Each structure stands twice: as structure tokens, then as C-alpha cells.
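> Just passing along the structure, written as C-alpha cells.
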Amino acid sequence: MNKDNAKKGGNKSLISLLGRTAFLVAIMFLIIYIIVVLASSGEYFNEFSERSAYILFDRDIEQVNELAQENYEYIYGIADKLKYADSREKVEEIMASYIGSVYVGDLRFYSQGKAYTSAGTYVEKEFSGNELISALSVSMSAGCTDIYYDELNEVYCIAFFVPVRGSVYVDGVLSIVPVRNIINLDNVLRDNTDALILIDRSGRVFSEACSNKFSSFYTVGNDFYSFINRFVNDAEGVIEVEKSMRLYEKTVCSVNTIGGSYAVVMSPVEAFEGNLILISVSGVEGLVAPELTYVRHVANISIITIIAFVIGSVCAVIYYKKTQMDITDANYTDNVIGCANAEQFRNKAGSSIRGSNQSYAVAIFEVRQFRYIEEKLNEKDLIDLLKHIAKVIESLCDMRETYGYLGNGRFALLLIYASERSLKDRARLVEAVVNKHPILGKSKVRRNFNIGASIVNRSQKHTVHEYLNFADMALEKSKNNINLPYVIYNEKLNTERAHNDIIETEMESALEGNEFRLFLQPKYNVADDRIDSAEALVRWFDPKTGDYRFPGEFIGLFESNGFITKLDHFMYIETLKYLSQAVERGEKVVPISVNVSLVTVSAADFLDFYIENKKKYRIGDNFIIIEFTESFAMGDHQKIREMVDALHANGIRCSLDDFGSGYSSLGVIKNIPFDELKFDRMFLASGMDATHDEAMLRTLFSLAKSLGMRVVQEGVETKEVFDNVVAMGCDVIQGYYYAKAIPVEEYKLFINMNTSIKYKSKVK
Ligand code: C2E
Ligand code: CA
Ligand code: CA
């Protein structure tokens with residue numbers, strides 16, 4: 001069992017460790033994930049939220065605009081220099097120095113309304129677009145023409161005119177630049193862009209730049225429409241691109257080609273007054289590559305996090321379940337004795353009963369006089385004893401049986417039931433083994449348990465709880481009768497239980513209402529042939545019926561609910577009252593013995609109560625005898641002896657009642673100076689004619705007498721038994737043969753009128 005626990009513990013800590021590690025990993029990854037997301041969100045997510053092709057395009061168009069701006073500035077720079085030229089030659093010289101620059105293209109200057117090449121050659125006829133140029137030069141204000149087609153050179157051009165202020169030799173400077181020269185798309189081409197194409201609205205290509213990868217597959221050519229038709233191999237894609245061009249606003253189309261998917265981004269170029277469209281063509285894969293990588297990272301992290309969380313959660317669930325099971329185990333185990341508690345017993349027994357067709361009985365084994373034992377033993381010894389009993393029971397239970405501890409010295413057992421006899425044999429076996437325990441062995445008690453059992457009746461479908469209740473009723477019955485150690489539940493007991501409930505509700509008011517009455521049973525002194533003494537016995541008067549209830553109905557119950565102490569005290573006081581009144585009136589009195597229950601004796605004020613009240617009622621010495629039950633003798637002999645000595649010192653005699661009823665207490669009669677030994681009626685029950693019993697009783701009588709004790713035989717009912725007992729040397733005889741227990745008034749008559757055995761009580 002311990003090994004199992006250790007293994008269970010090991011597994012559990014491993015699971016807990018795994019779970020924690022997994023959670024740690026998960027949390028670590030989550031933190032990394034958050035850091036990565038936060039750190040990169042600016043870079044990636046802003047881009048990602050827009051379409052990344054747009055971003056690239058926006059960057060491109062900025063560059064194009066910048067280039068156009070640069071070109072303007074370049075020409076302004078030339079115009080500025082021309083201001084300071086102090087001759088026509090100087091103008092020509094400055095102009096000539098710019099020839100060959102990509103920015104200026106065909107450079108001219110105007111002097112007095114006429115146009116000259118940079119080398120000073122007069123330009124007679126403007127080539128196509130001359131209207132635009134003329135308009136510009138006439139306006140004498142800075143300006144740029146639309147793109148126009150130079151038929152002579154077969155090139156698209158833009159003309160920039162910048163007036164030269166403050167010069168007498170030159171009016172202004174004109175630069176006719178092929179669009180290709182201004183917009184060198186090679187500079188703009190980015191890693192992620194495969195082609196940049198500048199077209200006009202009719203699809204004519206002005207400028208283009210392609211990545212190496214792209215140019216080895218595709219050539220753009222002059223006509224964008226024909227390029228698209230060659231390039232795009234899905235009809236929808238072609239239609240979409242053409243539609244976007246007609247829309248003439250920033251659009252993105254995705255197209256499929258044999259080389260993969262491309263994003264085609266179109267945007268009107270404002271710097272050229274909107275008559276050009278810049279197109280960027282980017283492989284989708286290339287475009288989304290960094291985002292994809294990023295997404296992949298995020299995905300990886302997420303997957304690891306999820307896995308870690310799953311492992312962590314699984315471990316947590318297992319750990320939680322195991323812990324729950326442990327807690328449940330702990331909840332179901334009696335933490336002092338370490339065996340199943342009531343709840344677990346009910347569960348286990350319930351499933352055993354449901355799980356087979358076996359005949360079962362539910363039994364309760366209650367340690368006799370447990371309250372007393374509990375008080376007398378120290379905690380360690382008590383736990384030891386209970387553990388010992390649990391161990392014995394466990395070793396005697398087979399696989400199909402189970403047991404548990406209910407508390408208060410009560411063990412519940414589910415036993416296989418074959419017959420009443422076999423059940424009793426089992427109980428006897430448990431008892432015999434339990435008796436080997438040093439504490440119980442020392443007390444030499446033959447019967448250590450009160451046992452109640454209830455046979456499982458499958459047709460009734462009772463719960464284990466109900467069976468335990470039935471067994472408990474049977475147990476109560478066994479407690480009330482020393483000669484009934486094993487009682488098996490039957491319907492009658494149920495009525496008894498109900499009866500007990502009524503008694504419990506009535507007992508307090510019965511005590512207050514004087515329903516408990518003192519009866520006295522005279523005892524006969526053989527040597528004197530007259531009354532020896534009397535025993536005080538309780539009767540409960542029932543005003544409703546006018547009858548008396550006998551102690552057998554309620555003493556056991558009062559012992560278990562503690563009310564017996566109140567009753568014993570009441571009976572004692574009643575006895576004292578009677579004696580003191582009788583003495584006062586000068587009536588004849590003989591000693592009276594009172595019964596004290598173990599519960600009463602165990603109370604801390606026991607000695608005080610009995611001694612002080614004897615004084616209070618001024619009762620002479622030796623008129624009170626206290627009858628201790630034999631079970632009392634199983635306690636610590638030293639303490640009992642001290643108690644008996646204290647009573648003796650205060651003129652109270654002590655009697656050991658019910659000798660031979662269940663306890664083998666030869667030791668106690670040897671160790672404790674009782675004044676009297678009362679032999680149980682049981683000795684007579686086996687038949688007085690058996691010579692064997694007779695010999696034993698005779699021996700016991702002489703043993704008691706040799707120890708200085710008077711011998712009282714209880715339950716003598718017939719002349720035959722009376723004669724026998726007398727012949728064996730009994731000193732005092734109590735029994736119906738001499739007298740029954742009678743009310744005080746009747747007792748007074750008895751004591752005054754008659755003392756001889758020859759006289760027969762009228763009340764017999
Ligand atoms: P006990 O102390 O052994 O009392 C003797 C019992 O045997 C009495 O029963 C008495 O009526 C009965 N008895 C006497 N002679 C004969 C006989 O010849 N034949 C038979 N069959 N019985 C006889 P009772 O009065 O019913 O009392 C039963 C038990 O109740 C007593 O047994 C005693 O243990 C207990 N008891 C009675 N009164 C008190 C009390 O005030 N305090 C306590 N603690 N127990 C009491
Ligand atoms: Ca008695
Ligand atoms: Ca007795």
C-alpha cells in the first residue's frame with residue numbers, strides 16, 4: 001500500500017513537473033510572441049494592413065516626382081548661369097557645356113523671340129509639339145509641356161521652359177527631354193518589383209525597367225496592351241488590367257502568368273499632369289515574402305504555444321484529477337486509523353452489493369464500553385487499540401468483503417452471509433483475535449464487542465446507509481443484554497428504535513415529574529435466616545397506562561445517551577432519602593445497594609457526589625453498597641483500587657455485580673478489595689444439576705470468600721436452586737424465590753414483618 005502511494009506520489013510530481021514546464025514554455029513563447037509582434041508590428045503590420053504593392057508603388061511615384069523636380073531645378077540652374085553671360089558667345093559657351101547631360105536633352109535658348117540650338121544655330125522650324133513650345137516661350141513664364149511625340153526623333157518628350165531674367169542676350173532656356181531621360185526607372189526599381197513601366201493612356205510605353213529575372217522571361221515592348229496580352233495568361237486578369245487603365249485611378253490587379261502570380265499596380269503620375277500611368281509589376285511571392293516569413297514565425301510560435309498549452313492543460317487536468325482523487329481518498333479515509341471511513345464504507349459496500357449476487361450482511365462491531373475505554377486509555381494506546389482491531393478485521397475479511405471505521409469504537413463490516421451461525425462464528429473469530437491485543441488481553445474480558453447485523457435483502461433495495469441503521473438497531477439490542485452479544489436485525493427492532501426515540505423525548509420530563517420510582521429487592525442472608533440487605537432498582541411509572549416500565553427497556557439507551565448518570569444520581573438520592581427518613585422515624589433499616597453505570601463512575605465528580613450526599617443525608621457507615629458492573633473491572637486496577645479505598649474510607653461498601661456475565665475478572669477480585677461478589681444469574685442458567693458447573697461455582701464461592709468477600713447469588717427462583725446454592729456456601733441470596741423488587745411502602749412492610757425464608761412475601 002505504501003509502495004503504491006510512493007509510486008502514485010512519484011507519478012504525480014512528474015506530471016506536475018511536466019505540466020509546469022509546459023506552461024512555462026507556453027508562457028515564454030507567448031512573451032516572445034508578444035515582444036515580436038510589438039517590435040515588428042510597425043514594420044510589418046502597417047504594411048500588411050495596406051496592400052504591400054501600394055506601398056511599393058507610393059515609394060516609386062515619389063521617386064518619379066522627385067526626378068521630375070530635379071530636372072526642373074537643373075534647368076533653373078542653367079537659366080541662373082545665363083543671367084550673368086555678358087555676350088552671345090558666352091551664352092553659347094554655357095549652353096554647350098550642358099550638351100550630353102541626360103537631363104537636358106535637346107537644349108535651346110531664345111534670344112529676342114528666336115530659337116537657337118545650344119551651339120547657337122538658328123532653329124528655323126520647330127518640330128512637332130512646336131505649338132506647345134512656342135506657347136511656352138511666348139508666355140515667358142516657366143512651364144512644362146505635356147508629353148508629346150517627337151515624330152522626327154520618334155521619341156516622347158517633355159519641354160521645360162525657364163525664362164532668364166536680367167540678361168540682355170538671352171530671353172529664356174528650353175530643354176526638350178525624352179521622357180526616358182527624365183524618368184530613369186532603373187533607379188526606381190526595387191528588390192520586390194519585377195518591372196516598372198511608364199505608359200500613356202493609350203498604352204504607349206515611355207519608359208520601363210525590369211529585373212533580370214523578369215527580363216529573361218518577358219519583354220515589355222512599346223505597347224502595354226500587347227504586353228499585357230502576352231504576359232497575362234488568364235483572360236480575367238487581362239480584362240481587369242484593361243478596366244483599371246480605363247478607370248485611371250490607383251488600382252491593383254492580380255494576374256496569373258506562366259511564371260506565377262503578379263500584382264499589377266497602376267497609378268496616374270500627377271507630376272506629368274496626369275497623362276502618364278506608372279505601372280509596377282511585382283511577383284506576388286516576392287511581394288509577400290517578408291510578410292510570409294513573418295507569418296510563418298508567428299504561426300510557428302503560435303503552434304508551439306498551442307502545443308505547450310495543450311500539454312500543460314492535459315497535465316493540469318491529470319494533476320487536478322489525481323489531486324482530487326487524493327483529496328477524495330483523504331476524505332474517505334479515517335485519518336486516525338487509516339482505514340475507510342463511513343462514507344467510503346457506504347460507497348464500497350454499495351458497489352460490492354450491486355456488483356454481485358452474493359448474500360451479504362452489514363454488521364456493526366462496537367467496542368464495548370467504548371466511552372469508558374476512551375476515558376481510561378491515553379490517546380496513543382486508544383489509537384493503537386483501534387488500529388489493532390482494524391488490522392484484525394482486515395485480515396479476516398476476504399476479497400468480496402469490506403469494512404470501515406464509523407467512529408466511537410464502531411466498525412462497519414460488509415460480510416458474506418451464509419447463515420446466522422456462520423456470521424456469529426465470524427464475529428467470535430474476530431473477537432478471539434482482537435483479544436490477543438495486550439490492552440484487551442490484560443483486562444481478561446471475554447466479550448469485547450457488541451455486534452448488530454442486518455442481512456441484505458435484495459428484494460427490498462435498501463441503501464447501505466439503511467442497512468447500517470438496521471444493524472445499529474440490532475446493536476442497541478445487544479448492548480442492552482449481556483447475554484445477547486450478537487443480534488441480527490428484524491422488523492421488531494425497527495419498532496424498538498421508534499420506541500427508543502419516544503423514550504428519549506420523554507426521559508427528562510419523566511425525571512422531573514417523578515416517574516422514575518425506587519423499588520427495592522430484598523436479599524436473603526443464609527446464616528441469619530433473615531433479610532440481609534436490598535438492591536435499589538428503578539421502575540418507570542407510566543401515568544398514561546398506570547404500568548411500570550422495566551429497566552431492560554431503557555437502561556441500555558440511557559447508557560448510550562448519557563442520561564444514566566442523572567438517573568443513577570436520582571436513584572441514589574431516593575435511596576438516601578428513604579434511609580434517612582426511616583432512621584428518623586425509628587424504623588428498621590438494612591443496607592441498600594445502588595447500581596452505578598460505568599458512565600456514572602467515569603464522571604469526574606463520582607466520588608464527591610456519592611460521598612458528600614451520604615454525609616448530607618447523615619447515613620451511617622456500611623448502609624450504602626455501590627454495585628459496580630463487572631465491565632468496570634477492565635479499567636486500570638490501580639485507579640479502581642483507589643476509588644474503592646476512598647469509598648471504604650467514607651463508609652460505603654463496594655460490590656462487584658454480574659460476576660461471570662462476560663468478563664473473566666479473576667484478577668480484579670484478587671487486586672481490588674470488594675466487599676461483595678454478586679454472581680450473575682447466568683451461572684444458574686446452564687443447569688445447576690450439572691456437576692461440572694456446580695464444582696466450578698463452589699470453587700469460585702470459596703475463592704471469593706477466601707479473599708474476604710461475601711458471596712451473593714442473583715436470580716434464585718426456585719427452592720431447588722436455593723438449596724443448591726446454600727449448600728455450596730453462598731452467603732446471600734437474591735431472587736424471586738425470596739423476594740421481588742417492590743415499592744418502598746411495600747418494602748417497609750416486608751422488612752418489619754418478616755425476615756425468615758420460611759415467610760413468603762405476599763407480593764411474590
Ligand atoms: P441487576 O443489577 O443485575 O439487577 C438485578 C436484576 O435481576 C433486576 O432486574 C431484578 O429485578 C432481576 N431479578 C432479581 N431476582 C430475579 C430472579 O429470581 N429471576 C429473574 N429472572 N430476575 C431477577 P431489573 O430490575 O429489571 O433490572 C435490570 C437491570 O437494570 C439491573 O440488573 C441493573 O443492571 C439495571 N438497573 C436497574 N436499576 C438501575 C439503576 O438505578 N441504575 C443503573 N445503572 N442500572 C440499573
Ligand atoms: Ca445490580
Ligand atoms: Ca446483577
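No lab work stands behind these numbers, since they all come straight from the coordinates. What you see is a predicted model, and the numbers here were worked out from it, not measured in a lab. Every residue, glycine as well, gets a Cβ built from its backbone with ideal geometry; the counts of neighbours run over all protein chains shown.
> Compute the signed sum of charges (Lys and Arg +1, Asp and Glu -1) over the other residues within less than 9 Å, Cβ to Cβ, of Ser111.
Net charge around Ser111: +1.
> Further question on the same structure: Under 12 Å Cα to Cα from Lys81, which aspartates and glutamates show up? Leave out anything in the same chain fewer than 8 places away.
List returned: Glu92, Glu93.
> Taking the mean number of other Cβ atoms within 10 Å as a proxy for protection, how do you rank 590-602, 302-314, 160-172 from highest to lowest?
Those peptides, ordered most packed to least, come out 590-602, 160-172, 302-314.
> So what is the relative contact order for the range 342-501, in percent, with contacts set as C-alpha pairs under 8 Å and at least six apart?
It comes to 28 percent, rounded to a whole number.
> Rounded to a whole number, what is D in µm²/s for the range 66-202 from Stokes-Einstein with the Kirkwood radius over alpha-carbon pairs (10 °C, 1.306 mPa s)?
Translational diffusion coefficient: 103 µm²/s.
> Continuing with the same structure: What order, most packed first, do the peptides 643-650, 148-155 have when packing is the mean number of other Cβ atoms within 10 Å of each residue?
Ranking, from highest mean packing down: 643-650, 148-155.
> Highest first, please rank the peptides 513-523, 674-684, 421-431 by the mean number of other Cβ atoms sitting within 10 Å of their residues.
Those peptides, ordered most packed to least, come out 674-684, 513-523, 421-431.
> Which entries in the list Lys523/Lys616; Lys424/Lys678; Lys391/Lys436; Lys321/Lys391 go over 23 Å, if you measure between the two C-alpha atoms of each?
In this structure, Lys523/Lys616; Lys424/Lys678; Lys321/Lys391 exceed 23 Å between Cα atoms.
> To continue, here is another question. Would you grab the residues whose amide H sits under 5 Å from the one on Val596? Only those 5+ places off in sequence or on another chain, please, with H modelled 1.01 Å from N.
It is Glu627, Thr629, by chain and number.
> According to a simple spin-label model (label point 7 Å from Cα along Cα-to-Cβ), what is the distance in nm between Glu587 and Ala135?
In this crude spin-label approximation the distance works out to 15.4 nm.
> For the cross-link pairs Lys670/Lys705; Lys461/Lys492; Lys479/Lys615; Lys566/Lys615, which exceed 23 Å when the distance is taken from alpha carbon to alpha carbon?
Over 23 Å Cα-Cα: Lys479/Lys615.
> What is the sum of charges around Phe563, taking Lys and Arg as +1, Asp and Glu as -1, for the other residues whose C-beta is under 9 Å from the C-beta of Phe563?
-2
> In what sequence do Cys654, Cys397 fall when counting other Cβ within 10 Å, fewest first?
Ordered from fewest to most neighbouring Cβ atoms within 10 Å, Cys654, Cys397 come out as Cys397, Cys654.
> Can you tell me, using C-alpha contacts under 8 Å and at least 6 residues apart, the relative contact order of the range 140-252 as a whole percent?
The normalised contact order for the range 140-252 reaches 14 percent.
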